[in-house]
Every structure is written in structure tokens, then in C-alpha cells.
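Enquirer: Following this message is one structure expressed as C-alpha cells.
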Amino acid sequence: MLGRLHGHILRETRVGERYVVVGWKVGGEGRKLWSGTAVFDEDGNARASASTTWIQLKSDQEDFRVEKRS
């Protein structure tokens, strides 16, 4: 489950241009996992980056549902 997402737009992107998206594991502790993501243009210039925290649900939480409140 996504716990936190923090992103940065470094340069404008344009429709029709080609980009490379990469992701990597930063680390983990218990059920928390951290990862990074970056977007590069064809010349290798960074366009955007992000860091995320993911939380693995416990086996008894696999049926976890979010209910809407009125």
C-alpha cells in the first residue's frame, strides 16, 4: 500500500517526446519499503524525480477495504 509519495518536476515535459523512466529500491525496514523513481529525456537530462514509502500489509489485512463515509 502506498504510504507516501513525494515528487519534483525539474523540467517541463512535452507530449510526443520520448522519455526513460527508471525505478530502484532504496531500502526497507520491517514492512516499510522505500523506492525512488526518475524520468529522463533522450539526452539524459533529468525531468522529474520521486521518492515513495510502501507498506506491506500483514497477511490478516489482505482484505483491507476503505469505506466511504457520508
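The values are calculated or read from the model by the stated rules, or taken from the named source; none is laboratory data. Here the structure is a predicted model, which means the values were calculated and not measured. Cβ coordinates were reconstructed from backbone atoms using ideal geometry, including for glycine residues, and neighbour counts include every protein chain displayed.
Enquirer: Return the pairs, sorted by first residue and then second, in which the second residue is surrounded by 12 or more Cβ atoms within 10 Å (Cβ to Cβ) and modelled with pLDDT of 95 or more, the first residue lies in the stretch 1-13 and is among the acidic types (D, E), the beta carbons are less than 9 Å apart, and the residues are 6+ apart or on different chains.
Expert: E12/R47
Enquirer: Restricting to the stretch 1-20, name every residue that is over 14 Å from Q56 (Cβ atoms) and under 11 Å from the mean Cα position of the chain (by Cα).
Expert: Residues satisfying the conditions are R4, L5, H6, G7.
Enquirer: Being loosely packed, with under 10 Cβ neighbours inside 10 Å, basic (K, R) and touching a residue at least 24 places away in the same chain (Cβ under 8 Å) is the filter here; which residues of the stretch 14-62 pass it?
Expert: Those that are loosely packed, with under 10 Cβ neighbours inside 10 Å, basic (K, R) and touching a residue at least 24 places away in the same chain (Cβ under 8 Å): R18, K58.
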